[in-house]
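Structure record follows, encoded as structure tokens.
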Amino acid sequence: MAVVIQGRRGPRLRAGRDFKVMSEINVTPFVDVMLVLLVVFMVTAPLLTVGVQVDLPKTRAGVIQGQDEPLAVSIDGRGRLFLQETAIELGNLVPRLIAISGNKPDIRIFVRGDRNVPYGRVMEVMGTINQAGFSRVALITARSNVSGVREQ
């Protein structure tokens with residue numbers, strides 16, 4: 001906050017001069033900080049997506065709505081399984097999911113399967129997750145819009 005002191009009128013602060021205290025809010029530093037934060041978030045937001053490279057199939061399905069952060073299970077083009085960004089074996093998937101979720105079966109789990117992976121492999125992973133008691137399992141695809149440009 002900046003303070004502007006002007007002469008004439010007001011209480012006497014120094015011998016021989018009259019000063020008036022007038023306070024104004026200087027928003028320039030606030031705007032500077034907000035712009036820096038905006039740039040930082042714009043740069044880092046694309047990096048926050050799951051880091052496993054998966055070529056998702058296209059579809060025109062709607063966007064899944066939800067407030068909680070889902071777990072991502074990815075299957076890459078060679079059939080390898082990842083929990084978030086960590087490679088994992090199918091036999092270790094359920095214990096890790098239970099440990100991460102705190103044994104809450106209502107956590108959302110997104111399965112991202114590469115378009116080149118056999119359908120049976122994706123269903124094997126989804127079946128394993130579902131048999132463990134997790135009921136909120138969804139398949140993730142690349143969104144195909146009217147112009148043909150692929151979005152995720």
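The values are calculated or read from the model by the stated rules, or taken from the named source; none is laboratory data. If you're wondering where the values come from, they're calculated on a predicted model, not measured in any experiment. Counting neighbours? That spans all protein chains shown, and the Cβs are built from the backbone with ideal geometry, glycine included.
Taking the range 108-131, which residues are part of a helix (DSSP H, G or I) and acidic (D, E)?
E124
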- Task: Within the range 27-51, track down each residue that is closer than 26 Å to D114 by Cα and either modelled with pLDDT of 90 or more or in contact with a Ser or Thr (Cβ under 8 Å, 6 or more places away or on another chain) (or both).
- Result: V50
- Message: Would you confirm whether or not the range 89-107 contains a residue that is in the same structural domain as T141 (by TED's automatic domain parsing), out of contact with any Ser or Thr (no Cβ under 8 Å at 6 or more places or on another chain) and in a strand (DSSP E or B)?
- Response: no
- Options T128, T141: the member that is of a type in the set (S, T, Y), surrounded by 13 or more Cβ atoms within 10 Å (Cβ to Cβ) and at pLDDT below 85: T141
